[in-house]
Amino acid sequence: MKLILFGLLITILAVQYSEQAGIIQRHKRHWIPQEETIEDNNYDDSVPESEEVDDAASETVTESKPESEEVNDENIDDEILALLIEPTSDSEEVNTGNKDDNMKKLPNDGILALLTEPTSESEEVNTGNKDDNIKKLLNVKFEKLEQKLEEKSEKLEEHFQLLDENLQEKYEDLRKTIVDAKIKELTKFEKIGLKYYHIEDTEKLNWFEAANSCREMGANLASPKNEEEFNAVSKRLSSFPYWLGINDLGSEGVFKSTISGKVAEYVKWHKGEPNNINGGEHCVDLEWTGGNRAMNDNDCRAKLNFICEKNHLM
């Protein structure tokens, strides 16, 4: 009985040993390096189906786009995105499937070899074509952008040129307006003696408004320095009163010239003037009274004509 059991055990071990030896032999044949010569008489030198698919995919990918075909600028971004996310080709799927099947069957060393297996030639071709196509599309995109920038630049240049022309026109108009105003202003003044005077016979203003109107013309209310100036101006005047640039607003009875800020150099009062009636007469005017033209203190709020003076026209 013991001998029978021992014989059965030997038989079982032999069968297991032969199966393991067969598996190892198959693994060795599968992983023979490419540079070694395969001496198996049953070796099939036909191209594997996966490689045929790779060649077909390669031929499909390497078909270049005709140069004459124009690329639509609106679709360039979509084409670049499509290339970046393009799904795996049939040949790559076949290769990947074979690798997965082999990895399930092989020990750890075989799995490592499959993972580190170099990229097939067709995969390299596919990757190269993708890069070339992306570069071409990007170049087209950049050219379109450069063209748009040039167009925008030209439009901006034209716009700035128009603005410059408009500014030049406005400048000329403004200059002409200023010159005309200057000429008009200058024509208001006439030379009397050594100075220039504007005798306002039309508009009547209070003393403060009259002083401001003279300043706007680059002048001051007249304040004669001597009898010669007083007489020269008086001869040009009408019979109604005119404001002069003299007042005692700062101190009662102390009449100063608005031109110098000092006590007036020359005054010629009517008889009984200045009298400061009711304590409200502080500005001086030039009046024609009793056949005589002389100065009078008056209410600064009174509306009178006025005389402006300046030493130079410009």
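The values are calculated or read from the model by the stated rules, or taken from the named source; none is laboratory data. Remember, it's a predicted structure, so these values are computed and weren't measured experimentally. All Cβ positions, even for glycine, are placed from backbone atoms using ideal geometry, and neighbour counts span all protein chains on display. Accessible surface areas use protein heavy atoms only, side chains included; no ligands, DNA or RNA. Shrake-Rupley method; radii C 1.70, N 1.55, O 1.52, S 1.80 Å.
Annotations
- Which numbered condition L205 fails, given (1) farther than 15 Å from L244 by Cα; (2) surrounded by 11 or more Cβ atoms within 10 Å (Cβ to Cβ); (3) not polar (S, T, N, Q): (1)
- Subset of the range 250-275 [without any contact (Cβ under 8 Å) to a residue 24 or more places away in the chain, in a loop (DSSP other than H, G, I, E, B) and of a type in the set (A, V, I, L, M, F, W, C)]: V254
- For the range 221-249, the tally of residues that are surrounded by fewer than 16 Cβ atoms within 10 Å (Cβ to Cβ) and closer than 19 Å to A302 by Cα stands at 4.
- Here is the figure for the range 276-301: residues that are surrounded by 13 or more Cβ atoms within 10 Å (Cβ to Cβ), outside any loop (DSSP other than H, G, I, E, B) and not hydrophobic (A, V, I, L, M, F, W, C) total 7.
- Selection status of D109, modelled with pLDDT under 85, among the acidic types (D, E), open to solvent by less than 80 Å² (accessible area, probe 1.4 Å) and part of a helix (DSSP H, G or I): no
- Only residues that are of a type outside the set (S, T, Y), under 20 Å from G261 (Cα atoms) and touching a Ser or Thr at 6+ places or on another chain (Cβ under 7 Å) were counted in the range 193-237, giving 3.
- Of all the listed residues (E146, E185, E169), the sole one being surrounded by 10 or more Cβ atoms within 10 Å (Cβ to Cβ), closer than 30 Å to F230 by Cβ, among the acidic types (D, E) and at pLDDT below 90 is E185.
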